[in-house]
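The values are calculated or read from the model by the stated rules, or taken from the named source; none is laboratory data. Just so you know, these numbers come straight off a predicted model, no measurement behind them. Quick reminder, even Gly has a Cβ in these numbers, built from the backbone with ideal geometry, and neighbours come from all protein chains shown. Side chains included, ligands, DNA and RNA excluded: accessible areas come from the protein's heavy atoms. Shrake-Rupley method; radii C 1.70, N 1.55, O 1.52, S 1.80 Å.
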Amino acid sequence: GRTIWLQASYNPVVDAATGRPTKVVKIATDITERMHQNAEAERLALLDPLTGISNRRGFDLALAAALDDFKRGREPISLIFLDVDHFKSFNDIYGHQIGDRCLRRVAKAVERSVRHPESLVARYGGEEFAVLLPNTTRLEAARIAEAVRAAVQGLGIDHPGNTGWGTVTASLGHVTFEAGRDERFHTATELVTAADRGLYTAK
């Protein structure tokens with residue numbers, strides 16, 4: 001009732017007189033545990049060790065797959081970029097351990113607020129996060145982005161270095177590519193650049 005993996009060799013036994021094979025000897029080794037360990041290692045290689053969400057490599061792979069689907073279909077694809085405001089100042093005030101705890105809480109808040117079946121939330125680098133939203137319209141991406149922004153602010157994490165707010169906040173940019181708007185295929189670089197541009201406009 002369970003799946004196992006075998007690594008086997010099949011060796012023919014040849015009749016010395018006729019030169020024909022008379023039987024086959026198979027030697028098999030159960031490598032199920034090794035395969036499970038490899039699968040777990042591959043899974044962990046796509047996760048950010050600090051936050052437990054997808055890492056940059058996992059994001060890049062998911063984005064490439066989503067863009068392939070986008071090119072073949074008619075559904076839009078959206079991307080949200082998020083950057084924690086004045087995070088260097090937060091680390092300077094509280095230290096990196098508290099900063100790491102803050103990033104973990106932000107990651108969980110983003111995950112909870114997205115709630116989209118095909119979405120991927122990733123730590124893009126440092127205090128920057130990405131939310132990949134296949135089959136998501138511009139209007140829905142804007143709604144999700146606002147929910148994410150509100151969720152981060154709603155954590156109520158003190159941040160004296162964030163002038164005018166006093167708590168941890170985030171700036172977001174989002175972009176949607178719609179199939180059929182023009183003849184050229186959009187690329188991962190274009191999607192990321194457009195979302196990043198929106199983020200820094202928000203900043």
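Observations on the structure shown:
- Sequence-distant contacts, meaning Cα pairs under 8 Å at least 6 residues apart, place the relative contact order of the chain at 22 percent.
- Around the amide H of I53, modelled in the peptide plane, lie the amide H atoms of D48, all under 5 Å away and 5 or more residues distant in sequence or on another chain.
- Normalised convex hull volume, segment 50-104, alpha-carbon set, Å³ per residue: 89 Å³
- Value of Rg/Rh across segment 95-149 [Cα atoms, Kirkwood radius]: 1.02
- Kirkwood hydrodynamic radius (C-alpha pairs) into Stokes-Einstein, the chain, 25 °C and 0.890 mPa s, D in µm²/s: 123 µm²/s
- Charge dipole magnitude, Cβ of K and R +1, D and E -1 - segment 25-116, Cα centre, debye nearest 20: 180 debye
- Bridges between two residues of the chain, per DSSP, are antiparallel at a rate of about 95%.
- For segment 98-184, trypsin sites (Lys or Arg not before Pro) meeting the loop criterion (DSSP other than H, G, I, E, B) and having at most 13 other Cβ atoms within 10 Å: R115, R181, R184.
- Using a probe of 1.4 angstrom and keeping all protein chains present, the accessible surface of the chain works out to 59 square angstrom per residue.
- Relative packing of 158-165, 125-132, which averages over residues the other C-beta atoms within 10 Å, highest first: 125-132, 158-165
- Rolling a 1.4 Å probe across all protein chains gives Y200 an accessible area of roughly 130 Å².
- The GNM of the chain, with springs linking C-alpha atoms under 10 angstrom apart, assigns the highest mean-square fluctuation among L103, L61, L47 to L61.
- Based on C-alpha pairs under 8 angstrom that are at least 6 apart in sequence, segment 1-108 has a relative contact order of 17 percent.
- Adding -39500 (n - 2.57) for every DSSP H run of four residues or longer, then dividing by how many residues the chain holds, sets the calculated 222 nm ellipticity at -14500 deg cm²/dmol.
- Build a GNM of the chain with springs between Cα atoms under 10 Å apart, and of D68, D15, D85 the one that fluctuates most is D15.
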